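J.: The structure's right below; bear with me while I get my questions together.
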Amino acid sequence: MIEDDLRAAFTRHETLTPSTGPLRAAIDRLAVRRRQRRRRWQAGGTALAVLGVLGVGVPLFTPERAGSPQVAGVADASDRPLTTGAVTVLLLGIDSTAPRQQLADSILLVHIPADRSRPYLVSLPRDLRVPVPGHGTDKLNTAFALGAGPTGRQTAKGYELARSTITQLTGARIETGLVLTYPGLRTLTNEVGGVSVCLPEQVRSAHTRRVFPAACQRLDGAGAVDLLRQRYGLSEGSQDRDRNARLFATGLIRSASDQGVLTNPVRLATLLSAVGPGLAVSPGEATMLELLRLVPTLRSVEPVGLSLPVHEADGPSHYLEADPTLAPEFLAALREDRLGDWVARHPKLVDGAR
């Protein structure tokens, strides 16, 4: 009886019951927000995993401290606002197998302009005569060796002396830097499945007698190291080696981009972990993570290859000198983030074949 009375009461008041549509919509919105939060937490967890791998797999050195590269953690930069201005990174390629001094065979500035159009790879010739702070005048490639000491083990000091020398030369602000050895380069190349390089002239190895034709070719790690060590027999010597290094770097960036490595934190962490001690990073004023966050903001990841304009010095010294006409204009364009204008005015000084 009571049950029947309750049924009748519910029936009489059913028309007064509010619509469930708004309630259902609110529940759906809440569910969507929860899924979004869950995805953000998952992304944050991936970022933390990357940081963990970077802290263990890639040595980080602090320039003001002496000794071997110090393994350290990387600050979580995921919550910081992206850098809006131009960014310049110093990349030193070191022959770690050298029996005596470890000279910087390749010296590259990677410049990302404020308009995020595309990166610029700027070579500084290793044989350029420059003032080295505390060591008089010498070739640019000796700055790292002088800082790293007789054993070549003080990577932090070597990087810092090279950085201060290059800052004094160019006037450009360098946010951070990387030191890559030939063993690290070999591993890096193999990990991305090889790198395609289009050479404008034939290169014959003085070490293995291998011939790299004037054509497009895909190099594995051993081939990449062999190519980048060559300067004898080239028409412009070490300047042609710098050009080949820029072409290789362009191919490496293209391979990493095609495989999604630059935007996939897990794949990037795996790659850097594999390279390990062959790559050392200076924390500088921007962490590696902060710089990698800039990649998706670029309109193109295809770099523009350039070199500081130079000419041979008089006499048998084998030094190179900065071109008195073109070099000041070039360095001003670098400092003032106007390399795009420089390229437009001097198209013949831009790398051609890739």
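Here, each number is a calculation from the coordinates, and none is a lab measurement. Here the structure is a predicted model, which means the values were calculated and not measured. Neighbour counts are summed over all protein chains in view; Cβ atoms, including those assigned to glycine, are modelled from backbone coordinates with ideal geometry.
J.: Using a 7 Å offset from the Cα along the Cα-to-Cβ direction at both residue 204 and residue 82, what is the distance between the two label points in nm, to one decimal?
T.: Between residue 204 and residue 82, the label points sit 4.9 nm apart.
J.: Let a ≥ b ≥ c be the square roots of the eigenvalues of the Cα gyration tensor of region 190-311; is it rounded (a/c under 1.5), or, if not, prolate (a/b larger than b/c) or oblate?
T.: prolate
J.: Set the Förster distance to 25 Å, then compute FRET efficiency between residue 114 and residue 343 from the Cβ-Cβ distance, nearest 0.05.
T.: Once rounded, the FRET efficiency stands at 0.95.
J.: Relative contact order (percent) for region 88-241, with alpha-carbon contacts under 8 angstrom and 6 or more residues of separation?
T.: 19
J.: With an 8 Å cut-off on Cα pairs and a minimum separation of 6 or more residues, tell me the relative contact order of region 196-256 in percent.
T.: 34
J.: Please give the charge dipole size of region 209-269, origin at the Cα centre, charges +1 on K and R Cβ atoms and -1 on D and E Cβ atoms. Round to the nearest 20 debye.
T.: So the magnitude is around 100 debye.
J.: Give the dimensionless ratio obtained when the Cα radius of gyration of region 97-191 is divided by 2.2 N^0.38 Å.
T.: Working it through for region 97-191, the quotient is 1.13.
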